[in-house]
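Below is one structure; the comments refer to it alone.
The values are calculated or read from the model by the stated rules, or taken from the named source; none is laboratory data. As the structure is a prediction and not an experimental result, all values here were calculated from the model. Cβ coordinates were reconstructed from backbone atoms using ideal geometry, including for glycine residues, and neighbour counts include every protein chain displayed. Note: areas computed on protein heavy atoms with side chains; ligands, DNA, RNA excluded. Shrake-Rupley method; radii C 1.70, N 1.55, O 1.52, S 1.80 Å.
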Amino acid sequence: MASFFTPRNKSSNSSSSSSARVSPTPGRQKKTSSLKTSAAIVVTPECEVVVWANSPRSRETVKDRWRNTLTYYSFCDDKRFTNLDSLLTQLAPLSLLHICSTEKATMDKATTPAARKKAKQVQQLLQTLQRMIDTRPDLTGDDDDDEDQGLSAPAPTTLAEVHTKFPSVDAGRIDGCMNQLLLPSSKISYRGNVQVASHPWIQKALGFWLQAEGLLSGGMPDDMMDRFHLQQGAMNKHLLLDRTAADCIHLLPPPNAGVATQVGGRPHNNSLLGILSQPARTKMGKRLIEQWLRQPLVDLKEIMYRQDSVHHLVENGVGRDQLRDEGLRNFASMDIGKLAQNLGLYEKASTEDDAPNKNDMAPVVGSTQKALQSLYQLYLLKAQKLPMLLESLVAVVCPDGEDPASIPKDAEEQTMLQSIFVNLQKASNELSRSQELVEAVLDLDIAPREYLIKAAFKDELVDIKTELGNVEASIESCHERMNELWAETMGLSMDSQHVRLETSGDTETTKTYQFRLPNANDTKVLQDQLKDEVKVHRLLKNGVYFSTTELVQLSDKKGKLIAEYDRAQKEVVLDAMHIASTYQGPLERTNELVAQLDALVSLAHCAAYNPHGYCRPTMTDGEEEGMGIKLTKARHPCVEMQENVAEYIPNDINLVFGESSFLLLTGPNMGGKSTYIRALGAIVTMAQIGAYVPCESATINICHHLLARVGAGDLQDRGISTFMAEMLEASSILKTATKRSLIIVDELGRGTSTFDGYGLARSISEYIVQQIGCFSVFATHFHELTQLEETEKSVKNYHVTAQKGAQGLTFMYEVQPGPCLESFGIHVAEMARLPAPVIAEAKRKALELENFEQKKRRLDDAAANGRQDFMTRFKNLPLKSFKSAEEKMAALQQLLVEEQ
């Protein structure tokens, strides 16, 4: 035991340290979870945005000091903060966002009209930003991750915290603080970072982040010194998805109590996250799948690296199922990331003089029972769970009985599965001493019923343990006597267990013993025949609970002994937990590796067991003509899984540079246009996280940005009408899109007059085709737009089919080439059972307008033909044969008379 730690003596406990350790400041207390990202956002009145994001990082070894990554972003945005919206989707889950403007947002010192106007503009800008964040509940992630275990800080009431004044922090203070925060390797890069030093707002925004986190108001906390890596963020490292696009493809479950408004269904099938993460066995795996969906890859090599392992798992069905059911299933009740986080609370300074005494530490770490529970989880991880996982994983990595030693040593040559296996072995080896520590310290004979340090550590513990054993023996004897008394009273067999002994209470010190008879009708016998021996406590469906005076006394005595044992073992617990805290690095690495493995297995499970079949997409990366998105028999991954969908009609999608990069989709309402275009976005996203896709075959050219304009809705709180919302979204799309974007438009221009709407839809379509040239699918009811195919080579018309019959309109849900010149709106209204007089009047008016349009068209055509005939006759006049001007004038007048 002494080989693991030397318990501190009492003299060392009595002396308090005068080190620079500081208590967390109010700003830092607001961080709800070290597993989430926090950030500072600074905006200028011109919508230039600077973001400093503090993200946790999984350490690889015991000696790895790199804990956090500090990333800065700088970009220009629009007044709807479209780019920032996409960035927040990638950074989620988030714990807290500090927001500030470079200009003051208060009116108190604005003495001139210009100053007041500017302050009001800044206020409106910050309000817009705050509303955008507050209306995104998906940014906080899974609330279960932040369950209070007595060890975490209180959660903030809101994600966004607005600061009305931008702080002016001296550059010297910023440099000094960063010198303490950064790893040695990052200190050099920070000092030589010209962009941070020269950019007008990046360094000032860094000062705002430092102040908001409370890092400028005193000593630097020990757990943050020399732990940060600095890097510049690049938004183009992942497929950009703003909230509109994410909602369009059903990326995440809807916020309205798990019921999707567009798709319907249940939490496991109403979103991409629900579909792909449902087979995952661990919390870590589910979180990672959500992160992958928020950050789809755009690098072909990285996509194939992940996709190759998914393919290997799909092909190796027996090994995959064994890995999922025997290896990963053991981790279902364990959150390794939370375990590492909890152990980190017991970490102290490396020298004994800097360590807090046990009394100072107690309110920080909580009860010894929870501490020992974490220690026991560490033991289970190393002694049981990891060996079983590695055993089932080796059968997948080496399916033909190969020796694991044959795995390439060079990480560049390893597959993702091989890399996970090799690194899990390393992490398991680094955790070997942790198992020995727990076996030496924790009484494993009674865990997990009770968590106690082995009595051999102290003579005082031996005495209490002996007395505890006597009390437990007395409780068991009391139980046997009560069982015999009941058997004798009821005339039952003495060999059977009639009376149950059970406990109630949250902790060992508050736990009480009581008896239970499963038959609630036995209450009358207890109260009539045994009223002098027992006391009935409560009557429930599962039986009657009662106790005796002796059992109550023994229960109280045991609680007091446990409390006494707890006080006596606290010093040993703190020393053991300090050593256990040194294993945070391997634990965090294990957490990451298990999450990756579970995510890959979940993606493969979805592909293998989908009843309609998934395929492995062929990925390409380029802008040359002929490259594109070619999907055969594509399906919407969520819609096809709904219980009320008897048969899903798959459709082909062909978006090819130089041939058909712009698809115009027409057809009736309810015909499947929205499902068709949303399926496209969902499939592209799935492919770029390395997953299989719901198609018969698929070739997908990597997209860098998914942009969507779908649905109709206003923003009344901001004074924005439905049409204005459409135009704002369209404006953001046109300003953001590049040739590598994928644009999805489901109706545009419906909120204004027909002529204005058509004009806007036409001009926007032409701009996308002629100026941007990216992949686009445009669903519309403006049938005049279909004429674009005649003038633009890359525009192709497609339509959804429907058939009119005696029973009404029958939707075929098939997408076929060519335009559809009917909307079938009145037929859909009939299906909605509008009153018959309304339908009849609508048909009459529609026919009247149709006849009017036809008559107007005939008149226009006649006028055009007449003008053409006049010009032909004018050209044929023999003007040169006339000898005088009078003859020419007379011939012209005659021509005009004939025209009239």
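For the reader, a short list of remarks on this structure follows.
- Overall form of segment 494-623 per C-alpha gyration tensor (a/c, 1.5; a/b vs b/c): oblate
- Take every pair of alpha-carbon atoms less than 8 Å apart whose residues are at least six positions apart; their mean separation over the length of segment 730-817 yields a relative contact order of 24 percent.
- For segment 197-259, with all protein chains in place and a probe radius of 1.4 Å, 53% of the accessible heavy-atom surface sits on carbon or sulfur.
- Nitroxide proxy distance, nm - points 7 Å out along Cα→Cβ at LYS117 and ASP400: 7.8
- Based on the reciprocal of the average 1/r between different C-alpha atoms, the Kirkwood radius for segment 691-842 equals 17.8 Å.
- Label reach from LYS739 (point 7 Å along Cα→C-beta): in segment 745-777, amide nitrogens under 13 Å belong to 770-775.
- Karplus (6.51, -1.76, 1.60) ³J(HN,Hα), θ = phi - 60°, over segment 663-668, in Hz, Gly and Pro reported as x: 9, 9, 10, 10, x, x
- Under 5 Å, built H, 5+ apart or other chain: amide partners of HIS537: TYR545, PHE546, SER547
- Links that overshoot a 23 Å alpha carbon limit, given the list LYS283/LYS633; LYS338/LYS385; LYS338/LYS558; LYS301/LYS409; LYS79/LYS117: LYS283/LYS633; LYS338/LYS558
- Here the Karplus curve 6.51 cos²θ - 1.76 cosθ + 1.60, taken at θ = phi - 60°, turns the phi angles of segment 288-298 into couplings of 5, 4, 4, 5, 4, 5, 6, 10, x, 7, 10 Hz, with x standing for Gly and Pro.
- With a Förster radius of 35 Å applied to the beta-carbon distance between ASP134 and ALA842, the computed FRET efficiency rounds to 0.25.
- In order along segment 234-241, the phi-based Karplus estimate (6.51 cos²θ - 1.76 cosθ + 1.60, θ = phi - 60°) of 3J(HN,Hα) comes to 10, 5, 8, 6, 9, 5, 7, 10 Hz; Gly and Pro are listed as x.
- Surface listing: HIS268, HIS229, HIS98 arranged by accessible area from highest to lowest gives HIS268, HIS229, HIS98, probe 1.4 Å.
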